Amino acid sequence: MVFWEGYVSDETMATFAPIVVYWLYAGLYQIMLPSKLLSKYRLHTREEEERKNLVPLSTVIKRVLILQSLQIATAHFYFSITSTDFTSPKTIQHSIPIQILQIVVAMFVMDTWQYFGHRYMHHNKFLYRHVHSHHHRLVVPQAVGAMYNHPLEALLLDMGGGVASLLVSGMTPRTEAIFLCLASIKGVDDHCGVWFPPHSVFHLVFANRSAYHDVHHQSRGGKYNFSQPFFSFWDRLMGTHMPYVVLERPGGGYEAKMVKKRVEVTRQ
């Protein structure tokens, strides 16, 4: 039993809930970042964000909305093929342990898809220049810019990775809704530009977090830390892991610094 049962279908929730969650979570960061409450946790100053980022916030929001329209169309097409509503009066839901296992499997599939696709877009000069460089116009990551990509990248990496994760894991649409909301929240958190030691659940559970991805967005970090959105094991296995330390910045806040000697460092 879920709160939306009897009101909207699981397929509808899996289509629209991740988008609603994206804007609620990213919007919360965007509203609260200027406040004293979050400013002391920022990985970059507001001045640095305004000076380094190559696109204004309004452009980021417009692009994300366009890509989410594409996401809705992709979800509609996916469910039109995979939905069993026409052949079965009610989808049988798996047990909670099975659903948890499916979510973990989906995490690994999505990370694998994202890692190799993301890394290839950095190594292929044409794809980087014309496609992936759009995302790196946000030199200082922003929560609302987690989905700021070229449409081709959004289709191949984000939506392609999502579809692959759902198909391989064998989830029902109800579990898919939960997983896609989790992936949406994690993507926003990776780009939020805020460091919460040790208060954030994500910072406690995942090694791949906001500072980890911030290193990738730095000028010397483009060849490292490709993993997203959940784990960092592919970087470690493939030799693209860049250790870092998070230091307190004079004047308040934090900054992620790459460790030149690529050895493991203690948890920040």
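The values are calculated or read from the model by the stated rules, or taken from the named source; none is laboratory data. These numbers come from a predicted model, not from an experiment. Positions of Cβ are generated from backbone atoms using ideal geometry, with glycine treated the same way; all protein chains shown enter the neighbour counts. The accessibility values were calculated without ligands, DNA or RNA, using every heavy atom of the protein model including side chains. Shrake-Rupley method; radii C 1.70, N 1.55, O 1.52, S 1.80 Å.
Screening the candidates Leu57, Leu33, Leu38 for the property of being open to solvent by 50 Å² or more (accessible area, probe 1.4 Å) and touching a residue at least 40 places away in the same chain (Cβ under 8 Å) yields one hit, Leu57. Annotation note: of Thr91, Thr74, the sole residue that is surrounded by 13 or more Cβ atoms within 10 Å (Cβ to Cβ), out of contact with any helix residue (DSSP H, G or I) (no Cβ under 6 Å at 6 or more places or on another chain) and in contact (Cβ under 8 Å) with a residue 24 or more places away in the chain is Thr91. Taken together, Ile103, Ile96 contain a single residue that is surrounded by fewer than 16 Cβ atoms within 10 Å (Cβ to Cβ) and not aromatic (Phe, Trp, Tyr), which is Ile96.
The residue that is modelled with the highest pLDDT, counting only those in region 232-268 that are touching a Phe, Trp or Tyr at 6+ places or on another chain (Cβ under 9 Å), open to solvent by 50 Å² or more (accessible area, probe 1.4 Å) and within 13 Å of Tyr212 (Cβ to Cβ), is Trp234.
For region 4-19, the criterion of being under 22 Å from Gly160 (Cα atoms), crowded, with 18+ Cβ neighbours inside 10 Å and touching a His at 6+ places or on another chain (Cβ under 7 Å) is met by at least one residue. Every residue in region 210-230 that is out of contact with any strand residue (DSSP E or B) (no Cβ under 9 Å at 6 or more places or on another chain) and open to solvent by 50 Å² or more (accessible area, probe 1.4 Å), please. Correct list: Ser219, Lys223.
Each row is one residue, and each column tells you yes or no for (1) within 22 Å of the chain's Cα centre (by Cα); (2) of a type in the set (A, V, I, L, M, F, W, C).
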residue: Phe3; (1), (2): no, yes
residue: Trp23; (1), (2): yes, yes
residue: Leu28; (1), (2): yes, yes
residue: His44; (1), (2): yes, no
residue: Glu48; (1), (2): no, no
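There is no residue in region 192-201 that is of a type in the set (Phe, Trp, Tyr), in contact with a helix residue (DSSP H, G or I) (Cβ under 6 Å, 6 or more places away or on another chain) and closer than 28 Å to Val2 by Cβ.
One residue is enough: does region 196-204 have a residue meeting the conditions modelled with pLDDT under 95, under 16 Å from the mean Cα position of the chain (by Cα) and among the aliphatic types (A, V, I, L, M)? The answer is yes, given that some residue of region 196-204 is modelled with pLDDT under 95, under 16 Å from the mean Cα position of the chain (by Cα) and among the aliphatic types (A, V, I, L, M).
Listed by position, the helices (runs of 4 or more DSSP H) inside region 136-228 whose residues that are closer than 25 Å to Gln99 by Cβ and among the basic types (Lys, Arg) number at least 1 are 173-190.
Checked against the criterion of being over 17 Å from His191 (Cβ atoms), surrounded by fewer than 16 Cβ atoms within 10 Å (Cβ to Cβ) and either among the basic types (Lys, Arg) or more than 15 Å from the chain's Cα centre (by Cα) (or both), the candidates Arg129, Arg137 yield just one match: Arg129. Among residues of region 148-166 being open to solvent by 40 Å² or more (accessible area, probe 1.4 Å) and within 14 Å of Tyr115 (Cβ to Cβ), the one that is nearest to the chain's Cα centre (by Cα) is Asp158.
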